[in-house]
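A.B. asks: One structure, pasted below without further comment.
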Amino acid sequence: MKPLLALLPLFLLPGCAADSPALGYSRAGFYPVEIGGNSYRVYTEETRNCVEVHRVNMVFPPPSRMLILMQMESAAMQTTGCKIRKGTFIGDQAMSKGQLDCSEGPGAKDWVPGTCNIRPWG
């Protein structure tokens, strides 16, 4: 039994490296976007005013956080056709979330209220 327990991390660790969205986006499809040599996956749903962006390529040394966040915001705007609501785009160089503002233009949608919780702590 002990040899099997020693092998357990080998089966669990690959799952940690998988690029998958948060639970709220489990039904959402993703849209691949390439900006400035970086590859992103943009997760969004029709009825939610949220977007989640993942950078899926490895870069060494790591690029600046500001550059990556600006590229992530551009990827979200390209994919959804909406702006990001000011002050709601948070995250790091690997994953960011934000609230969409589609109040103007052809992308305007009716959202299901209360479905975008980008700051669960407050």
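Since every read-out is calculated from the coordinates, none of them should be taken as a lab result. Remember, predicted model here, so these are calculated numbers, not experimental data. Here Cβ is always computed from backbone atoms with ideal geometry, including for glycine, and neighbour counts include all displayed protein chains.
A.B. asks: If you rank SER103, SER74 by fewest surrounding Cβ atoms within 10 Å, what's the result?
C.D. replies: Going from sparsest to densest Cβ surroundings: SER103, SER74.
A.B. asks: To the nearest 20 debye, what charge dipole does the range 28-72 have about its Cα centre, counting +1 at the Cβ of each Lys and Arg and -1 at the Cβ of each Asp and Glu?
C.D. replies: 180
A.B. asks: If you stretched the chain out fully between ASP101 and GLN78, how much longer would it get, using 0.36 nm times the residue separation minus the C-alpha to C-alpha distance?
C.D. replies: 7.0 nm
A.B. asks: Within a 10 angstrom radius of the beta carbon, how do CYS50, CYS102 rank from fewest other beta carbons to most? Can you show the working numbers first?
C.D. replies: Working: CYS50 22, CYS102 17.
Going from least to most buried by this count: CYS102, CYS50.
A.B. asks: Can you pull the one-decimal nm distance between simple spin-label points at GLU34 and VAL56, each 7 Å off the Cα toward Cβ?
C.D. replies: Result for the modelled spin labels: 1.3 nm.
A.B. asks: Taking the Cα centre of the range 21-101 as origin, work out the dipole magnitude from +1 charges on Lys and Arg Cβ and -1 charges on Asp and Glu Cβ, in debye rounded to 20.
C.D. replies: 140
A.B. asks: Over the range 21-101, what is the mean sequence separation of C-alpha contacts under 8 Å (at least six apart), divided by residue count, expressed as relative contact order in percent?
C.D. replies: 27
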